[in-house]
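Participant: Pasting a structure here, questions to come.
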Amino acid sequence: MNPKFPSALPFTGSRREFLYGLGASLGSLALTDILASESPLSPKKPMHKAKAKNVIMLFMEGGPGHMDTFDPKPKLQELHKTESKLTAGLEKGFKFYVGSPFQSRKVGNAGLDMSDQWIHMADPEVADELCNYRGCQAESLNHPEALFHMNTGSRLGGDPAVGSWVGYGLGSENQNLPGYVVMTELALPQGGSRNWSNGFLPAHYQGTRLRPEGSPILDLDSPSFKSREHQRRALDELAALNQKHAAANPQHADLAARMENYELAYRMQMEVPGVIDIDSEPEHIKNLYGLDNKETETFGKQCLMARRLVEKGVRFVQIFSGGWDSHDYLEKGHTSRIRSVDKGMAGLIKDLKRRGMLEDTLVIWCGEFGRTPDNNKRGGVYSIGRGHNANAMTMLFAGGGVKKGSIVGATDELGAEAVDCVHPIRDVHCTILHLLGLDDNKLTYFHGGRYKQLSQFGGQIIPEMIG
Amino acid sequence: MRSFLYALLPALAVCSAFAAEPTDAERLFTLKVQPLLAEKCFGCHGDDPEKIKGDYDMLTREKLLAGGEYFGSDVVVPGDAKKSAIMDTIRWEDPDYEMPPKENDRLTGEQIEHFAEWINAGAPWPSDDVQLAIREEEAKKEVTEDGMIVKTSGGLGDEWTFRRYQPEKIWAFLPLTKPSLPGDSTGSADSTNPVDSFIQAKLDEAGFEPAPEADPRTLIRRATLDLIGLTPTPKEISDFESAWKNDSEAAWTSLIDRLLDSPRYGERWAQHWFDVARYADTGGMSNDYERSNMWRYRDYVIRAFNEDMPYDRFVIEQLAGDELADNSLRSRMEGDHAKFVKARAEGKYTPEEAEKMIATGFLRVGPWDPAMVEKAEARQLYLDDVVNSVGQTFLSTTMRCVKCHDHKFDPIPTRDYYRMYATFAGTQIAERTVPYTSEENLEGMEESKAIAQRLYDYATKEANALRNKRETAAKKWFKEHGLEYKDNDARKDLPDEEKPPRHVGLSIDEQGQLKVREQDEWIWERRLERYEPLAQAVYNGPDPKYLNARKLRMPKDPNIKDRPENFILTGGALSAQGEKVQPGVLSALGLPVEGAGKDDPYVIPEDLNGRRLSFAKWVANPENPLTARSIVNRIWQYHFGQPIAGNPNNFGVSGKQPTHPELLDWLAAEFMEKGWTFKKMHRLIMTSQAYRQAAHHPKREYLAAEDPDNALLAYFPTRRLTAEEIRDSLLAITGELQPSNGGLPVMPEINMEVALQPRMIQFSLAPAYQPDPTPERRNRRTIYAYRVRGMADPFLELFNQPNPNDSCEARDSAAVSPQAFSLLNSDVITDRSIAFAASLKEQASEPAAQIEQAFLRALGRKPDEIERKRLLSYYSDMEKYHADVQPESTEYPKEITRSLVEEFSGETFEYQEILPAFENYKSDLKPADVDAGTRALADICLLLFNSNEFAYVY
């Protein structure tokens, strides 16, 4: 502490003693007792042997085209611009097939399919870690509902997010950081913070958004005219004021929790800037994530931050990256989107692997739905893009106990619909929980008169995905 | 039991199936074990031969005994439950085989015992005929040890229709009779508040003493926050304390009267209603369109509370006010249909009629947007939402479960869900022309309109420039190709060769910009509707041809001869039409619809007009056992912080049962007898000793062990202030709170990073949030703040303001660390502390006196000697600190550059957005505007705002 800064008056000894030193006068419900009891975020044992401990979920908002990324459909190239009679999707009127503007090739030893836009992901060191799942089906054709469904298990929004359920089930390894961290672009995805809300679970499990610009957590820092020492002194004065009140209201257990929260907030103020300060990373790591390039920098930075957070004990990290909604100008759109995430993702997987963290970190790459093999005209012209497709999509998984170098499930030859190993979103959720050592049927919370669970009414594990 | 509780029996053929009288074990199997097998086991072990799990089929005795992949013939050992492996699995004693695997399906202890008993009896499995005979015999009995049969319109199967309920579990559906008061324990029966008789009886039973009475300062803070949602002023406190010394009873009752007479009362209690009804000013979903003039419904509710509108009327107006208003208008037009239609279109309603029309805002208040959804599905989304919301709000009944199947626990068949659905099937939502009434506040319209007009003009100007650029290029193209120019719309369907490329002449950036500007044109055009006399209301008629939440208007003369067809939708799917249904009500309550036919008294006549009114009257009927119980339970909850029946939105079997059922019934009956008035109920509850007791108890350790949830109310429950109470009280304490009489929503200052952060909507970014330019408008109570579904005020959200998409039956108040950030560091709180300090400086000249006033105004007490000394020293240290630090002055942007990833290109483009609100912005007092002493005092103010003493109410 700055020696010139006036510190609080009469207390010596550690802060904790100061805060809780009057415990003796508080009777048996002393604050120290409450402190000793489990905090809602204390680490909890999994229900069964877990393959993964942490999750990093890369969410491609807008819905990437599966046929333009990891699930090639040569048939579409043949049918390009010929009339489509498919009826699914929202597009009306004359529809025509759209061939992917990209070539595809087999990569790695396992021979996964990737469109030629993927350069870094195609590196066998990365590609052979992946499990490409093609059997998932969504239910909604509209972005916010589909986003809610993928993120919370319910189309309606307002239910707890996957990350909240995981926090509820496993707690957090680091009490000075939030257990569930969300990173977005400057613009929030459709549906906003309800994509990472705690829903009916206690508020401790809500996702905390690390903002890409300005204050990483809203109001994390004091106003600029208040120094750190100023803040510390204020907290000490507050503690003194609260102390008197606590002594007069010994029956009231919430008081201690709220006091402890101010101290936690203070510790977070110290810890968060350190975690997000990626300048301390060596150059070669920064380059690995693509921080040396304007196109890849934003997402790469977030991927690097995700690794640092997981390293520090954050349980669930989610990154939203938008712009995948290519109804038109598919080639330009997807080229630029793929380029923006390719290096960061690949760097993340490599870095986790090299640090021995990939084994127990589950990395997920997905959108809220896939895209249609056809499109309608826009403004009267053949617009080369795709509509929303709830019947087919593509997802990638890496680490955390998934089957390496595998393709699970299949879509039909046009990519219109999943046809093999077909599962609804809830089954993917159950599988994620399973890998984390949690049983969806047991991970319940009594609310509104029934035991609620992530899958709503129960689901299945997809054994084919598990290594 | 009343006569509606009888077993509805098909004429039974005389059974010859009884070769011999069935044994008890056979009866046990048929009535207890078999239904369990069917409900909990066959799903994975029998129903679908293709999908038998673990190779274990339980469909017949033989298969059941044979076992499967994991267990052999030891799975069930007839005559010996102990040796039967199945018992371990259903007891969840074997961690590898916990059956049924879902928490929700887990068997109860009693059910497990039935299994054991049956196995011990040799696991008999009578033939289907014998089972049928046993069931039919059983169905003849009205009440058995398994409970009673509730007559309903009938489930999808007999098993459901004739299932039994324990009366105490379905307490809420049974008729309400006013219980007599419990025997008086003190011998002074006459003076005891009936509330206390019931509370005391339970305490006596448990052997608890009630807590002593709270001190007057605690009481006035408790009552003031409770009734008006603000902390009491120092003068109110000292006046009350002196009056209390004179005559505590009189002081207390006159305090309650004063608070109930305050217009702030309605502002507070309407908030409770909106938590349940889900008030917001926008429609949510991807477009999140503004619902112009939704505030008229908000103010209607506030007025209803202030005027103590009887609750039955409040119910009817919100559900069918449009029918009442139009009936009244029709009769004023003396049956001349053409005249009526014209008057309706022109909104020639009297103020009384207008008020009723506005009340139907309730039916518009949920999130809904038909964008990107088929029309039929969009209507289904609306109707499901209304049915569910009406069930939760007025009847404390969860309807969502009954959409797909007969209720798992409650006596509500899916048929009744679709009857209720049919009741609303002709209800169409629209902005209707309804004249403003003299009670509605129209101030600020001109200023607000001017800003909206500027934003609209700006969007149009920018869009026009881009459109002109495009058309200039298009003209050039047509000329070059020797073709005649056609404008953008006209050339749309031409073959590609005969027209220029789409977006000709526009760069990729400009294409994106045009899309944003065109979206902004819609948004501001819609915003301008605010200034027209429209109300968010409903009408009766067929589904309109198109649904677009941007504009929903009523046709001039909708065809009310239309009879929408409604069906039971199996599994909730539109495509799975089952049996046809008529409009109707919940049959399990045994309360017929007024004027209904005898053959089915729970069906509402099919006329489109009158359906909802019939339904509304049925809800508000004093014989309806749910309605009054539902609302008195909520009133109690808001007074005590905990309800009598633990799930105020769910009185069903799965909801928490009431802690004091007789009290609840007594209050409900009393509420109706006294004319359904809230204010009488408040007086009754608040004058009880239970309400006036202290929040601490001499035997708290004992109670913490015996009654950890304080269910018996041996002491008064403590609660944290709600988000609105915090913000409103802060403004009141600092002297910044501006009185309001409702009207246009106000835009408080919110975290500027959030205000200006981009927010995705359907096709582009939502416009930035701009606070009102003057403190007079923006520093009003939170209930008047513009509520955007897609963007919460981060301060309020942190303090658990509920998300308006879901009905909130009880507020959460978990302490999380971001609350500390917000209450210590945010601009909003810094501004409050500076304003408070500046006001204290005016009030007193010396720091000691200023600190004393700060305590009085924020906490309602003087600091003690230790606090005074400590804070004086803090003050002087901070004054020195601040003397060396000059805060930066606050700049508000008048324009911002936004960027968006364009779907066309996947590339980022930028555009400018103007922020006219900041052009003549009158900011609140900022740290840079005041001297070091004021900032030091503000540090102390900030402490008080963060203190637990401020945050909790005892």
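The values are calculated or read from the model by the stated rules, or taken from the named source; none is laboratory data. Given the structure is predicted, the values throughout are model-derived calculations rather than measurements. For neighbour counting, all protein chains shown are included, and Cβ atoms are generated from backbone atoms with ideal geometry for every residue, glycine included.
Participant: Residue by residue through the range A:97-125, note down the ones that are under 18 Å from residue A:465 (Cβ atoms) and either outside the structural domain of residue A:376 (by TED's automatic domain parsing) or among the hydrophobic types (A, V, I, L, M, F, W, C) (or both).
Facilitator: Within the range A:97-125, A:110, A:112 qualify.
Here's the yes/no breakdown for (1) away from chain A (no Cβ under 14 Å); (2) closer than 15 Å to residue B:257 by Cα:
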site: B:667; (1), (2): yes, no
site: B:670; (1), (2): yes, no
site: B:675; (1), (2): yes, no
site: B:678; (1), (2): yes, yes
site: B:687; (1), (2): yes, yes
site: B:694; (1), (2): no, no
site: B:707; (1), (2): no, no
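Participant: Considering each residue of the range A:112-166, count those that are assigned to a strand (DSSP E or B) and either under 30 Å from residue A:42 (Cα atoms) or aromatic (Phe, Trp, Tyr) (or both), and give that number. So that I can check it myself, show each step before the final result.
Facilitator: Taking the range A:112-166 first, the residues assigned to a strand (DSSP E or B) are A:112-115, A:130-133, A:136-137.
Filter once more, so that each one left must be either under 30 Å from residue A:42 (Cα atoms) or aromatic (Phe, Trp, Tyr) (or both): A:133.
Total meeting the criteria: 1.
Participant: Give the residue, chosen from B:858, B:837, B:849, that is within 28 Å of residue A:266 (Cβ to Cβ), away from chain A (no Cβ under 13 Å) and of a type outside the set (Lys, Arg).
Facilitator: B:837
Participant: Restricting attention to the range B:626-644, does a residue exist that is of a type in the set (S, T, N, Q), under 22 Å from residue B:319 (Cβ atoms) and either at pLDDT below 95 or outside any helix (DSSP H, G or I) (or both)?
Facilitator: Narrowing the range B:626-644 to residues of a type in the set (S, T, N, Q): B:627, B:630, B:633, B:637, B:642.
Going one step further and asking which of them are under 22 Å from residue B:319 (Cβ atoms), we end up with B:627, B:630, B:633.
This time we only want the ones that are either at pLDDT below 95 or outside any helix (DSSP H, G or I) (or both), so: none.
Within the range B:626-644 (the criterion being of a type in the set (S, T, N, Q), under 22 Å from residue B:319 (Cβ atoms) and either at pLDDT below 95 or outside any helix (DSSP H, G or I) (or both)), the answer is no, since none of the residues qualifies.
Participant: Residue under question is residue A:241, and the condition is that it be within 14 Å of chain B (Cβ to nearest Cβ), free of Cβ contacts under 8 Å to residues at least 12 places away in the same chain and on the phi < 0 side of the Ramachandran plot; does it hold?
Facilitator: So residue A:241 fits the description; yes.
Participant: Right, next: Looking at B:93, B:103, B:98, can you tell me which residue is at pLDDT below 90 and more than 14 Å from chain A (Cβ to nearest Cβ)?
Facilitator: Going through B:93, B:103, B:98 in turn, just one is at pLDDT below 90 and more than 14 Å from chain A (Cβ to nearest Cβ): B:93.
Participant: Go through the range B:656-672 and count every residue that is touching a residue at least 12 places away in the same chain (Cβ under 8 Å) and part of a loop (DSSP other than H, G, I, E, B).
Facilitator: Here is the first cut: in the range B:656-672, the residues touching a residue at least 12 places away in the same chain (Cβ under 8 Å) are B:657-672.
Restricting the remaining residues to those that are part of a loop (DSSP other than H, G, I, E, B) gives B:657-660.
Of the residues in the range B:656-672, 4 are touching a residue at least 12 places away in the same chain (Cβ under 8 Å) and part of a loop (DSSP other than H, G, I, E, B).
Participant: Also, I was wondering about something else. Let me confirm something: among A:132, A:176, A:142, A:151, which residue is within 14 Å of another protein chain (Cβ to nearest Cβ) and either under 26 Å from residue A:300 (Cβ atoms) or aliphatic (A, V, I, L, M) (or both)? Full working, then the answer.
Facilitator: Numbers: A:132 fails: within 14 Å of another protein chain (Cβ to nearest Cβ); A:142 fails: either under 26 Å from residue A:300 (Cβ atoms) or aliphatic (A, V, I, L, M) (or both); A:151 fails: within 14 Å of another protein chain (Cβ to nearest Cβ).
That would be A:176, the only listed residue that is within 14 Å of another protein chain (Cβ to nearest Cβ) and either under 26 Å from residue A:300 (Cβ atoms) or aliphatic (A, V, I, L, M) (or both).
Participant: If you don't mind, another one. For the range B:701-726, what are the residues that are part of a helix (DSSP H, G or I), of a type in the set (A, V, I, L, M) and under 22 Å from residue B:811 (Cα atoms)?
Facilitator: Residues satisfying the conditions are B:723, B:726.
Participant: Another question, then. Could you please let me know if residue B:343 is in contact (Cβ under 8 Å) with a residue 24 or more places away in the chain, closer than 17 Å to residue B:433 by Cβ and over 20 Å from the mean Cα position of the chain (by Cα)?
Facilitator: Working: in contact (Cβ under 8 Å) with a residue 24 or more places away in the chain: no; closer than 17 Å to residue B:433 by Cβ: yes; over 20 Å from the mean Cα position of the chain (by Cα): yes.
When the stated conditions are applied, residue B:343 does not pass them.
Participant: Got at least one residue in the range B:866-877 being in contact (Cβ under 8 Å) with a residue 40 or more places away in the chain, more than 12 Å from every other protein chain (Cβ to nearest Cβ) and either farther than 24 Å from residue B:733 by Cβ or surrounded by fewer than 18 Cβ atoms within 10 Å (Cβ to Cβ) (or both)?
Facilitator: No, the range B:866-877 contains no residue that is in contact (Cβ under 8 Å) with a residue 40 or more places away in the chain, more than 12 Å from every other protein chain (Cβ to nearest Cβ) and either farther than 24 Å from residue B:733 by Cβ or surrounded by fewer than 18 Cβ atoms within 10 Å (Cβ to Cβ) (or both).
Participant: Among the residues of the range B:828-851, write down those that are in a helix (DSSP H, G or I), acidic (Asp, Glu) and surrounded by fewer than 18 Cβ atoms within 10 Å (Cβ to Cβ).
Facilitator: Selection gives B:842 alone.
Participant: What about residue B:308, is it at pLDDT 95 or above, part of a loop (DSSP other than H, G, I, E, B) and more than 15 Å from the chain's Cα centre (by Cα)?
Facilitator: Criteria met by residue B:308.
Participant: Of all residues in the range B:778-793 being part of a loop (DSSP other than H, G, I, E, B) and in contact with a strand residue (DSSP E or B) (Cβ under 8 Å, 6 or more places away or on another chain), which is farthest from the other protein chains (Cβ to nearest Cβ)?
Facilitator: B:780
Participant: Going through the range B:84-110 one residue at a time, which ones are part of a helix (DSSP H, G or I), out of contact with any helix residue (DSSP H, G or I) (no Cβ under 8 Å at 6 or more places or on another chain) and closer than 20 Å to residue B:74 by Cβ? Give the steps one after another, and end with the answer.
Facilitator: So in the range B:84-110, the residues part of a helix (DSSP H, G or I) come out as B:85-90, B:103-105, B:109-110.
Retained after the next criterion (residues that are out of contact with any helix residue (DSSP H, G or I) (no Cβ under 8 Å at 6 or more places or on another chain)): B:85, B:88-89, B:103-104, B:109-110.
Within the range B:84-110, B:85, B:88, B:89 qualify.
Participant: In the list B:556, B:551, which residue meets the criterion of being at pLDDT 95 or above, of a type outside the set (Asp, Glu), in contact with a helix residue (DSSP H, G or I) (Cβ under 8 Å, 6 or more places away or on another chain) and part of a loop (DSSP other than H, G, I, E, B)?
Facilitator: After ruling out the rest, the residue left standing is B:556.
Participant: Can you name the residue in the range B:374-412 that is polar (S, T, N, Q) and outside any helix (DSSP H, G or I) and is also modelled with the lowest pLDDT among such residues? Lay out the reasoning, then the answer.
Facilitator: Within the range B:374-412, the first condition is being polar (S, T, N, Q), and the residues that meet it are B:380, B:388-389, B:392-393, B:396-398.
After this cut, where a residue has to be outside any helix (DSSP H, G or I) as well, the list is B:396-398.
Values: B:396: 97, B:397: 96, B:398: 91.
Checked the range B:374-412; the qualifying residue modelled with the lowest pLDDT is B:398.
Participant: Suppose we filter the range A:420-438 for residues that are charged (D, E, K, R) and over 24 Å from residue A:358 (Cβ atoms); how many remain?
Facilitator: Counting residues in the range A:420-438 that are charged (D, E, K, R) and over 24 Å from residue A:358 (Cβ atoms) gives 2.
Participant: Could I ask something else about it? Return the residue satisfying two criteria in turn: it lies in the range A:286-307 and is assigned to a helix (DSSP H, G or I) and surrounded by fewer than 17 Cβ atoms within 10 Å (Cβ to Cβ), and of such residues it is modelled with the highest pLDDT.
Facilitator: A:287
Here is a yes/no grid of residues against (1) buried (at least 22 other Cβ atoms within 10 Å of the Cβ); (2) among the polar types (S, T, N, Q); (3) within 30 Å of residue A:368 (Cβ to Cβ); (4) facing another protein chain (nearest Cβ under 10 Å):
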site	(1), (2), (3), (4)
A:172	yes, yes, yes, no
A:182	yes, no, yes, no
A:197	yes, yes, yes, yes
A:227	no, yes, no, yes
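Participant: Please give the number of the condition residue B:796 fails out of (1) crowded, with 21+ Cβ neighbours inside 10 Å; (2) more than 11 Å from chain A (Cβ to nearest Cβ); (3) over 29 Å from residue A:449 (Cα atoms).
Facilitator: (3)
Participant: A follow-up question, please. Can you name the residue in the range A:338-370 that is over 18 Å from the mean Cα position of the chain (by Cα) and within 12 Å of chain B (Cβ to nearest Cβ) and is also surrounded by the most Cβ atoms within 10 Å (Cβ to Cβ) among such residues?
Facilitator: Only one residue fits best here, namely A:338.
Participant: Moving on. Could you please give the count of residues in the range B:486-535 that are of a type in the set (A, V, I, L, M, F, W, C) and in a loop (DSSP other than H, G, I, E, B)?
Facilitator: 4
Participant: How many residues are over 17 Å from residue A:272 (Cβ atoms) and either touching a strand residue (DSSP E or B) at 6+ places or on another chain (Cβ under 8 Å) or more than 8 Å from chain B (Cβ to nearest Cβ) (or both) if we restrict to the range A:199-225?
Facilitator: 4
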